[in-house]
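Asker: My structure is below; once you've seen it, I'll send some questions.
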Amino acid sequence: MIKFICEISAKRYCVTIIFIFSAINSYTQSIETWNHNGYNAFSTISLEGGYDSDGITSLLLNSFITGGFIDRETRLQSIPGDFSMRNFGARIDGNIDICFPSKLVKKDSLNLFLTYKYENEIAIDFQSDQYKLMFFGNEQFLEDTISLSNLRWNQWNLQSIGIGVYDLKSNNYITTNLYFGQHSRMRIDDGFLYTGTDGRFLHSDISGSYFNSDFNNKNRKSTTGIGLGLNGQYNVLKSNIKSDLIINVQNIGFIIWPKSNKKVSLEENYDFNGIEIRDVFSSELSIDSSATWLGIIDSNVVPTERVELLPTTISGQFRYKVNEKNSIDIVVSSRQINLWRPLFNIGWSHSLNEKLVFGMGIKYGGYGGINYKLRCVYDTQKRWTAGIYINYLQGFISSKGYGGHAGLSVRRRMNFNLEK
Amino acid sequence: MRSFFFFLIILLSTSCQREESSWDVDIVAPIAKVEIKITDLLPDSILGTDNNGGLFLSISTELINLNPDSIITLKDTTISNGYTLPPPLVALNIDPGFPFPILPSNLNLETGNNIEVKEAIVFSGIITAIMINPLETPLDVTYIIPKLTLANESFTITETLPPAENSNTPSVTERSFNLSNYHLDLTGDLGIASNILNQSLSVINSPSAESVLITNTDTVKFNLGFEDLSFQYARGYFGNTMISESSGLKLHDFNSIHSSSIELEEASLTLNISNGVGADFRLSDASYSAVNSLDNLALTFDNDDINGVINITRAINLGTEASPTEREIVLNESNSNIVELLSLAPDSLNMAFNLEINPLGNTSSSNDFIYRQNGISILGDLLVPLRMTVNDLSISDSLQFNFSSSDKVKWSDGEIILLIENSFPLDIELDIQLIESDLNNSTVLINNALISSCELNGLDCATAESEIRIPVSSTDIENLQNGGLLLINGTFSSEGEIILKPEYFIKIQAIIDANIIVGI
């Protein structure tokens, strides 16, 4: 399963300004409060993926996912309004957790908790001009200016292994994690590209910055940074029968980028009217294509080891049990990552019987706007619990909808006979 | 919900091996530019500007240069000396200090072409002595060439040859000496001979050695070799020698300019003939021609001076150098057919002739002389004002693009637009063909596209702008990426006579206007 995720990420990390399939982590949507049914250990495998946007239709995204030629009509559907910003974020993550009693942990209800997590996230902010340039080219901008301002790109690739303790009674836990990762980001604060008459020249003026944890490392599967951080969850109202207030924190910590990282500020004014050919009567012309933006970036780089904060997520969930069968969840999430806006969720859950819970809700924020979600959890009341989540529904039910996210989580409970 | 399962299926199965996503974009962008001037066609070193700002072609080249080594040829010479017990003696016991009876002799330097050298100063050369001792006793050797001197000291080799290891293994001693700056008197004992050097060889059983038996099978050998001798000065009779020479002058590297396309107004070729040798020479059977290799055409110069016999008398000896005798022959439009020759648009000028030294024999009583810094030379100065009428002058060139292809960006369809500024007073018809890498198939991209001449207004010419659109298909691009060639041919024509100026240019900017498939 983990290998599969890695391969997906390698596929997706190819180009800039590309919409890539991935997912928004469900912990920003809702926090499960698992029932352990008297077992003293469990293991969980979760896999989630999806994207969110306020402008990229699922039709366009599915075209990327399935491959093939993306027709003009599909691309036209996602053109933003002339002056509005569009947001796109995609994420995939998976984790494996194991919780079991150990002599290392002295308190009865506390278990040893081991985790492995893979997170891969890409986000882009763009405007109408940039979208049109990307998907239709610059011919429509002859003798006109293409705004490159406010174009932003952000990409994280993190793998972490954690060790900590888990309280089976309250579902509170804390883990200390070791991170391996890569990160790149680009922002153009102010910039434009002008296409001269008949395409005789291109003029660009760009003010922005760029960072990449290891530009030379072509193998995106490999990691270039190493970091340390904490994950945790705490139920503030654990003594209250009618309601829970759970605070969940992920990735509080830092990561160190080696000297091979590149961080540059760009103030570049660039005119181009063709590659100059000097020796036209030589028998073989060799065109030098090295004068690219990458070359400009390279010329500005000073290698320095850097320390940077991890993209932290803090979520708070308030759950109110209306009666035995119904409850209401309100979730507010904040993530310290560029381009991500606070996410608000409100949902309703209904227990059809003691084994099956069905839920639905609505969200606003994150990388997109309003979207809808469905949730279904089946608990065998013995060893197994499985949950299926559709956190962003629009993209699945309409080709013109924005945002699609789904997840699958399976937990197996166990009993450990451990003499403490 | 169907989309959800579709989503999961994609996630779990196809994402890793999916088909590439792609879409098309319409791109307009400059890709290349080039500026061509006359100086791109011809090097600055052969171009000049006259008082009116017109260009002229000026090519100076040394057509012939005969130095002393070409005129006086000396062969490598090996001389063997030695001593063998004369009959009827079969064996002889020799005591320490015993001198081998070897008489002085002459050595004869071999020269080519019956040259008789009386005296010379060596510029460079080596003398090598190989000495072989078959006796089991050391031998003291002294070799002298009395008339080979350096600062009045005769050339002398003094050597003690080590004894042979045994009767079957003689000792071999080899020595080399640099002869630079040595003076050679080659007149022999009586001072009247030529090419002769006296030599004397003395071999004695070393006084400190013991008595040893020499038999009639033992030979003490002294072999002497002269190698790579050349002179900085020589005197004598240089013989009646005939030298056949030929040379060529490359005018340009284009093998694509056809003849009959240029009508020049004037041109001149000046031949400066210099004789720095103290011997008469005669040029005969000369042949001067202009060649257009493309059209396989050649024309011979027609001029009374160069088509006849040219005698150049000997130089005057000033003691340390020669005062050359010189002669200048000017070929121009009034006395020759040079304009006609150059209108062939030749890529080279060729010449061939016979050069006879001392055509009247030994008239100097063997006092011919030569100094190293003076030889026989012919310099050619070609001067061509670039004032001409151009009629369908065709220049072709081929271009091969070495660009890396990307699977992520593919040409679908479009045009390459050439925006051209022409300040030459020449109309140009442009043809571009794409030749596939197998050289068997070609595609005509444009045919007879006109690049307009500048507009002449008195002496000024206003730059003219032209636009040429070249439709290019994806197949064409693939052919170029696969090693195809672009064969470009320009046909130039003028309205009447023009004067080419250094400031004339053609600027070409290439722009793509294309539909491109972008893939991820």
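Asker: Condition (residue is within 12 Å of chain B (Cβ to nearest Cβ) and in contact with a strand residue (DSSP E or B) (Cβ under 7 Å, 6 or more places away or on another chain)) applied to segment A:71-83: is it met by at least one residue?
Answerer: Within segment A:71-83 (the criterion being within 12 Å of chain B (Cβ to nearest Cβ) and in contact with a strand residue (DSSP E or B) (Cβ under 7 Å, 6 or more places away or on another chain)), the answer is yes, since at least one residue qualifies.
Asker: Ok, one more. If A:ILE146 passes every condition in (1) part of a strand (DSSP E or B); (2) touching a helix residue (DSSP H, G or I) at 6+ places or on another chain (Cβ under 8 Å); (3) touching a residue at least 60 places away in the same chain (Cβ under 8 Å) but one, which one does it miss?
Answerer: (3)
Asker: Something else now. Enumerate the pairs (first residue in segment A:50-64 and free of Cβ contacts under 8 Å to residues at least 12 places away in the same chain; second residue anywhere and among the hydroxyl-bearing types (Ser, Thr, Tyr) and in a strand (DSSP E or B)) with beta-carbon separation below 8 Å, excluding pairs fewer than 6 apart on the same chain, so at least 6 apart or on different chains.
Answerer: Between residues of segment A:50-64 that are free of Cβ contacts under 8 Å to residues at least 12 places away in the same chain and residues that are among the hydroxyl-bearing types (Ser, Thr, Tyr) and in a strand (DSSP E or B), the close pairs are A:SER63/B:SER21.
Asker: Could you please find all residues in segment A:38-70 being away from chain B (no Cβ under 14 Å) and farther than 26 Å from A:GLU119 by Cα?
Answerer: Once the filter is applied, which keeps residues that are away from chain B (no Cβ under 14 Å) and farther than 26 Å from A:GLU119 by Cα, segment A:38-70 yields A:GLY38, A:TYR39, A:ASN40.
Asker: Since B:GLU465 meets every condition but one in (1) part of a strand (DSSP E or B); (2) more than 30 Å from B:ILE310 (Cβ to Cβ); (3) modelled with pLDDT under 90, which condition does it not meet?
Answerer: So B:GLU465 meets the others, but not (3).
Asker: Please find, within segment A:380-420, the residue that is surrounded by the most Cβ atoms within 10 Å (Cβ to Cβ) out of those that are of a type in the set (Ser, Thr, Tyr) and away from every other protein chain (no Cβ under 14 Å).
Answerer: Out of the qualifying residues, it is A:THR385.
Asker: Can you tell me which condition B:ILE498 does not meet? The list is (1) part of a strand (DSSP E or B); (2) within 12 Å of chain A (Cβ to nearest Cβ), and all the others hold.
Answerer: Failed condition: (2).
Asker: What residue, among those in segment A:301-340 that are closer than 12 Å to A:TRP156 by Cβ and in contact with a Phe, Trp or Tyr (Cβ under 8 Å, 6 or more places away or on another chain), is surrounded by the most Cβ atoms within 10 Å (Cβ to Cβ)?
Answerer: Among them, the one singled out is A:LEU310.
Asker: Considering segment B:501-520 alone, what residues qualify as being out of contact with any Leu (no Cβ under 7 Å at 6 or more places or on another chain) and either among the aromatic types (Phe, Trp, Tyr) or outside any strand (DSSP E or B) (or both)?
Answerer: Step one: filter segment B:501-520 for residues out of contact with any Leu (no Cβ under 7 Å at 6 or more places or on another chain), giving B:503-507, B:512-520.
Result: B:GLU503, B:TYR504, B:PHE505, B:ILE520.
Asker: For segment B:101-199, which strands (runs of 3 or more DSSP E) that fit wholly inside it have 1 or more residues that are at pLDDT below 90 and under 38 Å from the mean Cα position of the chain (by Cα)?
Answerer: By residue number, B:105-108.
Asker: Consider segment A:261-297. How many of its residues are in contact with a Pro (Cβ under 7 Å, 6 or more places away or on another chain) and either modelled with pLDDT under 75 or among the small types (Gly, Ala, Ser) (or both)? I'd like the intermediate steps shown before the answer.
Answerer: If we filter segment A:261-297 for residues that are in contact with a Pro (Cβ under 7 Å, 6 or more places away or on another chain), which is where we start, we get A:272-274.
Filter once more, keeping what is either modelled with pLDDT under 75 or among the small types (Gly, Ala, Ser) (or both): A:274.
Looking only at that region, the number is 1.
Asker: Which of the following residues is part of a helix (DSSP H, G or I) and on the phi < 0 side of the Ramachandran plot: A:PHE135, A:PHE113?
Answerer: Result of the check over A:PHE135, A:PHE113: A:PHE135.
Asker: For A:PHE254, all conditions in the list (1) surrounded by fewer than 18 Cβ atoms within 10 Å (Cβ to Cβ); (2) more than 27 Å from the chain's Cα centre (by Cα) hold save one; what is the number of the exception?
Answerer: Result: A:PHE254 passes all but (2).
The values are calculated or read from the model by the stated rules, or taken from the named source; none is laboratory data. Model, not experiment: these values are computed from the prediction. In this analysis, Cβ positions are derived from the backbone assuming ideal geometry, glycine residues included, and neighbour counts consider all displayed protein chains.
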